[in-house]
Amino acid sequence: MKLNWLYKNPINAGMLGALALLLFYFIILTIANSPSHAVQQFLDMWYWVVTLAIGFGIQIGLYVHITNTKHQLSKGATASVATSGGMSTVSMAACCAHHLTDVLPLLGLAAAATFLVKYQTLFLLIGVVSNLIGITMMLKIIKKEKLSGNCSILKKITKYDMNALFKLVLAIGAGIIFGYWLIML
């Protein structure tokens, strides 16, 4: 079965990526506890989970857009694509790390679970910031390699200075994470 509709359409790929992350979220919580617990956790933290899923979906969509035009990529851009794919991995890990709190007590690691519960919001915040970093990295690649193609949205976005935007996202993201961490001390 060919999945051309997925590989050729970044929007479909992005929506599927976001839905996959949400499904992963519900599966992990259902296995660790129960379906009702998964729903309750989602209702309690929907704004974090949805934000992470949307950011992850945008990264997947941008990645598919870039790989669809990979014949135009230089070696440097290929390395950047791999790096931004790593940011997606960090986002997903940060998203799911706090769910270890559901499993660790069963493994006799209650102290580790307590640590993760205390820093749960910080992990989620790191996930959101890493999503933003990954998105801006991909936008930098699209601008640098002139990969916006026929996409009017990408053409409008990449008119701006992506290097400045990337630095701004890094600085604000680091400031927010550091500030939140200081408050938690």
Which entries in the list Lys8/Lys146; Lys8/Lys159; Lys8/Lys167; Lys70/Lys167 go over 22 Å, if you measure between the two C-alpha atoms of each? Lys8/Lys159; Lys8/Lys167; Lys70/Lys167
Difference of contour (0.36 nm per residue) and Cα-Cα distance, Phe178 to Lys159: 3.8 nm
Given R₀ = 45 Å, what would the calculated FRET efficiency be for Asn33 paired with Ala171, taking r from the Cβ atoms and rounding to 0.05? 0.70
For each of Val39, Val64, count neighbouring Cβ atoms within 10 Å of the residue's Cβ, then give the residues from fewest to most. Val39, Val64
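Since every read-out is calculated from the coordinates, none of them should be taken as a lab result. Since the model is a prediction, treat every value here as computed from it, not as a measurement. A quick note on method: Cβ atoms are made from the backbone with ideal geometry, for glycine too, and the neighbour counts reach across all protein chains shown.
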